[in-house]
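To start, the structure under review is shown below, and the notes come after it.
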Amino acid sequence: MSDEHAYHIDGAVPETPENDPDSGAWRKTVVVGTRQPKIDAYERVSGTAVYPHDVSLPDMLHGAILRCPHAHARILSIDTTEAEKMPGVEAVITSKSPGADIPWYERGGQFYGKLFDDHCRHEGEEVAAVAAETPLQAVDAIRAIKVEYEVLPFVVDDDKALLPDAPAVQEGGNMMGEPSVRERGDLAAGFAAADVIVESTYSTSCQIHAPLEPHGSVAKWDGNKLTVWDTTQGVFGVQQTMAKVFGLPISSVRVIGHYMGGGFGAKLETGKYTVMAAIMSRMAARPVKLFLPREDCFTVTGNRPGNTITVKIGAKSDGTLTAIDYHSHGSAGAYRYGAGTSAQAAYLYTCPNMRTEDVSVYTHTGKARPMRAPGFPQCSWSLEQTMDELAAKLGMDPVEFRLQNLLTELQRGDGMPFTSNQLAACLTEGAKAFGWEEAKKAEKQQGHLRRGVGAAASFWAYPGGPPSTVVVKLFADGSANLNMGASDIGTGTKTWAAMIVAEELGVPVEKILVEHADTATTQYATASGGSKTVPSDSPAVRAAAMDVKQQLLGFAAEQLETTPGDLKLENLEIVSRTDPEKNLALGEVERLNRRGLLMGTGYRDPNPEDKVTFPFAAQFCEVEVNTRTGEIRILRFLGAHDSGRVLNRLTFDNQVFGGMAMGIGLGVTEERVLDRSQTGKMVNANFHDYKIPTILDVADTHVCHPIDQPDNEFNNTGTKGLGEPATIPTAAAIGNAVADALGTHAVNAPLTPEKILEVLRTQEMEA
């Protein structure tokens with residue numbers, strides 16, 4: 001069951017009234033743009049913040065899931081008799097249990113699996129679930145369930161899955177639909193006009209989300225009303241799914257997600273575990289807590305697909321691009337999810353002739369899911385290194401080569417201008433701040449240590465938009481309440497929202513209470529993901545605060561016998577623009593005192609129809625490669641980002657540094673390892689063997705260089721989004737830096753010591 005299309009709204013969206021003379025773009029900000037610590041920092045570091053895993057209800061049971069141990073199998077029989085008799089066991093469910101025959105994994109109205117599917121298409125498919133008095137009793141009961149499997153042939157490599165005799169993953173063949181193609185101009189003519197052509201094949205490994213907080217839920221029924229505490233990036237999507245599954249009015253389902261410990265896209269969809277907890281809670285008439293063990297979070301909750309990508313680029317001798325041919329194929333896993341990567345290849349650089357092709361392939365592996373800029377880092381890894389190869393053949397500086405070919409409009413149809421485009425500034429200012437020219441001239445060889453520098457450019461294509469609704473309350477004592485549905489997934493959503501209210505109303509940040517991510521008590525917002533939370537929800541926050549301010553000025557105008565347009569709000573005082581003698585402290589506004597509070601509502605206005613909005617980025621990297629061990633040490637990293645207006649400089653920096661760390665994982669350390677010949681199982685489903693970057697792997701020095709140019713054509717806060725752009729070019733910049741150090745590109749990510757040593761051995765043999 002997918003939440004991808006939940007709460008799609010057709011037609012007009014309520015627009016913000018513009019009666020306030022200050023309702024346009026901010027000319028000057030006092031709070032917005034400063035370094036503001038998270039308003040809930042104490043709760044997070046002290047342990048008082050209540051995450052779903054912390055929820056403990058009276059009479060609560062604990063759940064566990066039995067999973068298929070095979071990459072491909074069919075269930076012949078399940079015997080739960082012994083499990084049902086064990087001490088503490090209150091509920092056992094399988095595909096045959098009442099209410100458990102639920103279709104799942106929906107795309108385009110078609111379902112590709114079930115909640116419990118007797119045809120298990122990958123390791124970890126759900127077979128049964130148990131609820132018991134204690135977690136250990138639940139695990140013991142799971143082990144007592146007897147399952148007879150017919151083990152079937154499997155295929156876990158996407159290239160082998162396309163062979164005629166490959167085992168079928170889904171009906172209709174292992175290619176997931178027809179290839180996705182973008183094209184413009186005449187590709188053959190473009191290459192014929194080229195003076196220099198480069199063609200290379202690159203690959204990336206499957207990357208696991210691996211959030212610190214495991215996936216899970218607590219479910220509790222009160223009659224026909226269901227309450228769920230869920231590790232989700234979008235409480236309203238889970239609400240809709242649970243209402244549909246159980247045949248309930250949406251109003252009868254409450255989903256709470258106040259705190260969560262990371263998601264990165266894996267928690268955008270409703271989990272099977274949530275539905276199973278609710279089924280068992282209804283069966284036992286008791287609350288059920290069901291959280292996944294760490295191994296399951298590696299194998300079944302999603303991943304970034306691994307891809308093999310061939311890029312061919314042609315250019316004239318003066319550096320003008322003439323043609324780009326891009327082909328990508330990758331594994332969607334056992335169920336329908338796109339593994340496409342090509343957007344940047346199609347649109348990042350001005351090129352008259354282009355063709356891209358994306359092929360998504362079914363394999364007997366866990367389902368791919370959106371992961372921090374889905375598809376874009378893989379494209380950047382291949383495209384940006386090929387651009388560097390071409391620049392080297394042309395004898396051009398890689399930064400200058402990119403600047404010469406930057407996109408000026410979206411090359412789609414008749415073209416579409418951007419609301420703003422500061423990619424040139426990202427490259428030029430970033431290069432200057434990094435010391436690019438000096439670094440390129442520096443000595444590369446120091447004994448067995450070689451140094452190199454690299455750069456990569458990028459954009460992100462999905463910056464958000466409506467719908468979003470926010471309510472702000474201003475109290476007579478000068479405090480305020482902000483009510484919004486967006487989840488704070490660790491990025492500081494509550495903090496920047498409070499800063500906007502503080503900016504508009506003059507209320508100190510510490511006097512603003514933020515309520516969020518509770519379907520029963522907060523306003524609607526789409527799921528937090530895709531770098532769209534700030535640009536989607538911040539305009540609604542500002543609009544709600546402006547609504548309050550307009551009401552307040554209207555009441556004060558009556559009292560002061562003037563017009564609202566003559567008044568302004570400064571430091572909780574209403575002051576006349578023309579007569580300094582006319583002023584009121586907030587507590588002196590009579591109608592506010594009588595009411596006790598003012599409430600304003602804000603909506604996210606529609607995006608511009610005639611322009612497109614992209615966040616842009618360029619990142620620069622310096623590495624040191626040990627030619628004896630193959631180890632890569634990242635010395636410096638700088639990210640220059642055009643994300644519109646910076647709301648909170650502190651969390652802006654941290655987003656960039658966190659995105660760099662995840663990109664380092666893709667480029668250097670992280671790799672899902674499968675037993676490809678014998679079992680098809682993941683053999684490194686733990687934090688010991690799956691190498692997430694540590695403090696020893698990230699850059700010795702990392703710098704965030706925001707361009708900080710508000711995009712006032714896009715929305716009323718001038719913001720564009722940051723989470724995805726912070727990751728996209730990171731691995732590619734590392735790859736280019738390693739190539740600069742070694743004199744050749746290592747094409748297969750991650751660049752483990754073994755792969756680097758193999759590149760060096762090949763160099764020696766060819767010398």
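The values are calculated or read from the model by the stated rules, or taken from the named source; none is laboratory data. This one's a predicted model, so the numbers in the text were calculated from it and none came from an experiment. As a convention, Cβ positions derive from the backbone with ideal geometry for all residues, glycine included, and neighbour counts pool all protein chains shown.
Some notes on this structure:
- On the stretch given as segment 489-510, residues that are closer than 19 Å to Thr231 by Cβ, surrounded by fewer than 24 Cβ atoms within 10 Å (Cβ to Cβ) and modelled with pLDDT of 95 or more total 1.
- Residue satisfying condition, being of a type in the set (A, V, I, L, M) and assigned to a loop (DSSP other than H, G, I, E, B), within set Ala439, Ala433, Ala457, Ala461: Ala461
- Selection count, segment 258-309, where residues are buried (at least 24 other Cβ atoms within 10 Å of the Cβ) and among the acidic types (Asp, Glu): 1
- Residue pairs whose Cβ atoms lie under 8 Å apart, sitting 6 or more positions apart in sequence or on different chains, and linking a residue in segment 703-716 that is within 15 Å of Thr428 (Cα to Cα) to a partner that is of a type in the set (Phe, Trp, Tyr) and outside any loop (DSSP other than H, G, I, E, B), are Cys704/Phe652; Cys704/Phe657; Pro706/Phe652.
- Asp518 meets all of the listed conditions (1) closer than 27 Å to Asp537 by Cα; (2) in the same structural domain as Gly658 (by TED's automatic domain parsing); (3) over 19 Å from the mean Cα position of the chain (by Cα) but one, namely (2).
- Options Leu406, Leu410, Leu427, Leu390: the member that is of a type in the set (A, V, I, L, M, F, W, C) and surrounded by fewer than 17 Cβ atoms within 10 Å (Cβ to Cβ): Leu406
- Restricting attention to segment 582-632 and to residues that are among the hydroxyl-bearing types (Ser, Thr, Tyr) and over 30 Å from Ala741 (Cα atoms), the residue that is surrounded by the fewest Cβ atoms within 10 Å (Cβ to Cβ) turns out to be Thr601.
- Failed condition for Gly464, given (1) free of Cβ contacts under 8 Å to residues at least 60 places away in the same chain; (2) of a type outside the set (A, V, I, L, M, F, W, C); (3) in contact with a Gly (Cβ under 9 Å, 6 or more places away or on another chain): (1)
- Exclusive hit being in the same structural domain as Leu760 (by TED's automatic domain parsing) and out of contact with any strand residue (DSSP E or B) (no Cβ under 8 Å at 6 or more places or on another chain), set Asn626, Asn648: Asn648
- Inside segment 361-405, residues that are farther than 24 Å from Lys532 by Cβ, hydrophobic (A, V, I, L, M, F, W, C) and not in a loop (DSSP other than H, G, I, E, B) make up a count of 9.
- Filtered by the rule that a residue be surrounded by 22 or more Cβ atoms within 10 Å (Cβ to Cβ) and among the β-branched types (Val, Ile, Thr), segment 310-324 gives Val311, Ile313, Thr322, Ile324.
- Residue under evaluation Asp117, criteria (1) surrounded by fewer than 16 Cβ atoms within 10 Å (Cβ to Cβ); (2) of a type in the set (D, E, K, R); (3) without any contact (Cβ under 8 Å) to a residue 40 or more places away in the chain, criterion not met: (1)
- In segment 222-234, the residues that are surrounded by fewer than 24 Cβ atoms within 10 Å (Cβ to Cβ) and touching a strand residue (DSSP E or B) at 6+ places or on another chain (Cβ under 8 Å): Lys225, Leu226, Thr227
- Verdict on Asp358 being of a type in the set (Asp, Glu), surrounded by fewer than 24 Cβ atoms within 10 Å (Cβ to Cβ) and outside any helix (DSSP H, G or I): no
- Residues of segment 120-133 that are out of contact with any Asp or Glu (no Cβ under 6 Å at 6 or more places or on another chain) and either surrounded by fewer than 23 Cβ atoms within 10 Å (Cβ to Cβ) or of a type in the set (A, V, I, L, M, F, W, C) (or both): Cys120, Val127, Ala128, Ala129, Val130, Ala132, Glu133.
- Enumeration of residues in segment 732-767 that are in contact (Cβ under 8 Å) with a residue 24 or more places away in the chain, of a type outside the set (A, V, I, L, M, F, W, C), surrounded by fewer than 23 Cβ atoms within 10 Å (Cβ to Cβ) and out of contact with any Lys or Arg (no Cβ under 9 Å at 6 or more places or on another chain): His745, Pro753, Glu754, Lys755
- Lone qualifier among Gly667, Gly663, Gly630 - being over 25 Å from Gln446 (Cβ atoms) and not hydroxyl-bearing (Ser, Thr, Tyr): Gly663
- Answer from Leu163, Leu187, Leu136 - the residue that is among the hydrophobic types (A, V, I, L, M, F, W, C), surrounded by fewer than 15 Cβ atoms within 10 Å (Cβ to Cβ) and either touching a Pro at 6+ places or on another chain (Cβ under 8 Å) or not assigned by TED's automatic domain parsing to the domain that holds Arg107 (or both): Leu163
- When segment 46-68 is filtered for residues that are surrounded by fewer than 17 Cβ atoms within 10 Å (Cβ to Cβ) and outside any loop (DSSP other than H, G, I, E, B), the ones remaining, listed by number, are Ser46, Asp54.
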